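Chemist: Quick one: this structure, given as structure tokens, is what I'll be asking you about.
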Amino acid sequence: MISLEQVRRFAEQAGADITAKFKHETLQITKMDCADCASSIEHIVGRLQGVIFVSVNYAAEKIRIEYDVTSILHDEIVRLIHAMGYRIEEEKKEEGWFERHWELLLAICSGIFLGTGFIGEAWLSLPRTVAVMLYVLAYLTGGYDAARHGIHAALKLRFDIDVLMVVAAVGAAVLGDWPEGALLLFLFSLGHALEHYAMDRARKAISSLGQVTPKIARRRRDDSETEVPIEDIERGDIVVVRNGERIPVDGRVKNGNSAVDESPITGESIPVEKTAGNDVFAGSLNGDGSLEVEVTRLARDTTLARVTQMVEEAQTQKSPTQRFTEKFESVFVPVILVGVMGVIVIPSISGWLTWSDSFLRAMTILVAASPCALAIATPAAILAGIAQAARNGVLIKGGVHLEMLGRLKAMAFDKTGTITRGEPEITDILPYSVTSRDELLRTAAAVESRSSHPLAQAVVRFALQTGLDLPDAEDVKSIVGQGVEAILNGQRIQIGNLDLFAYEAGSSLPRDLVEQVMQLQKAGKTTMVVLQESRPLGVIALADRPREQAKQTLERLGNMGLKQLIMLTGDN
């Protein structure tokens, strides 16, 4: 009924209309010092008219928000967040030592005031008035952070653990139990400070992902090269990457050949041969060759940038235990506050107790019901687990993933560099016909000495260890994915897998040699067939040795209840 062009036009118009009405933003938010802060912001901002979705990532200090611009504007949301005591920053500013650790300093001061007052009063005959003054200082330093957030949340009719902690401490003071109230606030503030410290380390681990990518790229335009910030690189630009440099952009190779170490992106420790038409990733390390790369993605859209973004977003996923405790807290706090008011009012009105006795009993219940352990235990345990893993080189994206580890029944491992060393070694040297073992090895090593590929380096290393002198090869050409060829002593030498010779005109390998290669491959080995002109010299087989710890680790995982251990590999 309508043309394809009309459909395209209608779709574009609809997309433009939707984009104009609904806005999706990810903003940097600072001044949060506990996970409860993130929950409060989500709760309060989420109630604004026009806000469709809001998610606050305490670990990454990000707020993701979707809203209808016809109902609410960006500036209104920012003003509300600022009014709550938090800040929206255009760029994350580098903080000084005091700014990063002020909560920990306040918690330590609270502990010092509490300890001095308690010890002085109990054993050093410190006057009660002086001890109470020290307790008050412990209250002010230990309770400042909780009071700041709790009051903001209470004014917006959200009652969280911070509110209950402050009210419980005040109740203890009213009862005259100053040390108990000060201890409550000290433990709570120390828990928050340590949580913030642990998350700060986690943020640094995440931000370090993006530091792998160079900040400057060498752009070629009109036969001239200029160094420019990667933010200024556009799609279609040609970027020159010299040998040994990190690739600054995602793109496609236009000219050049090189082996590229993609382990920062894919985890594959063996460099991958790249030639014209192959894709490359920002952050990967170029080998010996020079590459000209056509940019296919802007700096903010590279694979590494998206990996970093996904890691940050994954941290918003809370573990089942965290979700349960948060849900429990949301019910528990209001119930306790209502119950305490009931204990004050009902016995007094009924004549069972005096107002004074009712109030004292209510404050006792409040102090006893203060869920300090509940508030601290779950986040502290999860953060301790994540921090311990990070110290051992494992980055866990959040609490939900940490808890999932305890319920795994299967685990998959990349082979190269994980189960194995990632360093191939020669296992078999099999001369063919009248060729000697040394002749086969010397010929292969001489040609491969011009290559930086790990398989080639393994051959050269073994030949040098054997004490062989290597002649110079000329006109070396790499055939990506198949092998290499060169001129040695005036003769054409070809080294590669069976694919190299399958497509070579007039080159048919002897059947017994092909069967020998197939048997080696079935044994899990990588093979190199060496030809001199059209005469087969023999086969060299290589394998990646298992790491010393691999067997013990896999056995321990099996004993821990993992039913299935899986190996992922592209090798034979």
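Chemist: Of all residues in the stretch 320-345, which are free of Cβ contacts under 8 Å to residues at least 12 places away in the same chain, of a type outside the set (Phe, Trp, Tyr) and open to solvent by 70 Å² or more (accessible area, probe 1.4 Å)?
Modeler: Matches in the stretch 320-345: Arg323, Lys327, Val331, Val335, Val338.
Chemist: What residue, of Gly115, Gly142, Gly111, is more than 23 Å from Cys37 (Cα to Cα), of a type outside the set (S, T, N, Q) and either without any contact (Cβ under 8 Å) to a residue 24 or more places away in the chain or in contact with a Ser or Thr (Cβ under 8 Å, 6 or more places away or on another chain) (or both)?
Modeler: The match here is Gly115.
Chemist: Name the residues in the stretch 235-281 that are under 21 Å from Gly417 (Cα atoms), open to solvent by less than 50 Å² (accessible area, probe 1.4 Å) and not in a strand (DSSP E or B), would you?
Modeler: Passing the criteria: Glu262, Ser263, Ile265, Gly267, Ser269, Ile270, Pro271.
Chemist: Could I ask something else about it? Quick one: in the stretch 458-467, of everything that is open to solvent by 20 Å² or more (accessible area, probe 1.4 Å) and touching a residue at least 24 places away in the same chain (Cβ under 8 Å), which residue is farthest from the chain's Cα centre (by Cα)?
Modeler: Checked the stretch 458-467; the qualifying residue farthest from the chain's Cα centre (by Cα) is Thr466.
Chemist: Looking at the stretch 117-153 only, could you name the residues that are hydroxyl-bearing (Ser, Thr, Tyr) and part of a loop (DSSP other than H, G, I, E, B)?
Modeler: Scanning the stretch 117-153 gives a single hit, Ser125.
Each row is one residue, and each column tells you yes or no for (1) farther than 19 Å from Val272 by Cα; (2) of a type in the set (D, E, K, R); (3) out of contact with any strand residue (DSSP E or B) (no Cβ under 9 Å at 6 or more places or on another chain); (4) open to solvent by 70 Å² or more (accessible area, probe 1.4 Å).
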residue: Thr443; (1), (2), (3), (4): yes, no, no, no
residue: His453; (1), (2), (3), (4): no, no, no, no
residue: Ala456; (1), (2), (3), (4): no, no, no, no
residue: Ala486; (1), (2), (3), (4): yes, no, no, no
residue: Ser508; (1), (2), (3), (4): yes, no, yes, yes
residue: Leu513; (1), (2), (3), (4): yes, no, no, no
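Chemist: Please go through the stretch 155-178 and give me each residue that is open to solvent by less than 30 Å² (accessible area, probe 1.4 Å) and not in a loop (DSSP other than H, G, I, E, B), ordered by number.
Modeler: Within the stretch 155-178, Ile161, Asp162, Val163, Leu164, Met165, Ala168, Ala169, Gly171, Ala172, Ala173 meet the criteria.
Chemist: Continuing with the same structure: Check off (1) on the phi > 0 side of the Ramachandran plot; (2) within 44 Å of the chain's Cα centre (by Cα); (3) of a type in the set (Asp, Glu) for Glu533 and give me the number that stays unchecked.
Modeler: The number of the failed condition is (2).
Chemist: If you scan the stretch 406-440, which residues turn out to be open to solvent by less than 40 Å² (accessible area, probe 1.4 Å), β-branched (Val, Ile, Thr) and not in a helix (DSSP H, G or I)?
Modeler: The answer is Thr420, Ile426, Ile429, Thr435.
Chemist: Scan the stretch 289-302 and give yes if some residue there is aliphatic (A, V, I, L, M), modelled with pLDDT of 80 or more and either in a helix (DSSP H, G or I) or within 30 Å of Leu405 (Cβ to Cβ) (or both), otherwise no.
Modeler: Within the stretch 289-302, one or more residues are aliphatic (A, V, I, L, M), modelled with pLDDT of 80 or more and either in a helix (DSSP H, G or I) or within 30 Å of Leu405 (Cβ to Cβ) (or both).
Chemist: Which residue is farthest from the chain's Cα centre (by Cα), if the candidates are limited to the stretch 219-254 and must be closer than 16 Å to Lys274 by Cα and charged (D, E, K, R)?
Modeler: The qualifying residue farthest from the chain's Cα centre (by Cα) is Lys254.
Chemist: Turning to a different aspect of this structure: Say we look at the stretch 328-374 and pick out the residues that are of a type in the set (Ser, Thr, Tyr) and closer than 24 Å to His192 by Cβ; which of these is modelled with the highest pLDDT?
Modeler: Top of the filtered list is Ser330.
Chemist: Considering only the stretch 195-229, how many residues are hydrophobic (A, V, I, L, M, F, W, C), surrounded by 14 or more Cβ atoms within 10 Å (Cβ to Cβ) and modelled with pLDDT of 90 or more?
Modeler: 2
Chemist: How many residues, within the stretch 27-83, are of a type outside the set (Val, Ile, Thr), over 30 Å from Ile396 (Cβ atoms) and open to solvent by 10 Å² or more (accessible area, probe 1.4 Å)?
Modeler: Number of matching residues: 14.
The values are calculated or read from the model by the stated rules, or taken from the named source; none is laboratory data. Just so you know, these numbers come straight off a predicted model, no measurement behind them. Don't worry about glycine lacking a Cβ; one is built from the backbone with ideal geometry, like all the others, and counts go over all protein chains shown. Only protein heavy atoms, including side chains, enter the accessible area calculation; ligands, DNA and RNA are left aside. Shrake-Rupley method; radii C 1.70, N 1.55, O 1.52, S 1.80 Å.
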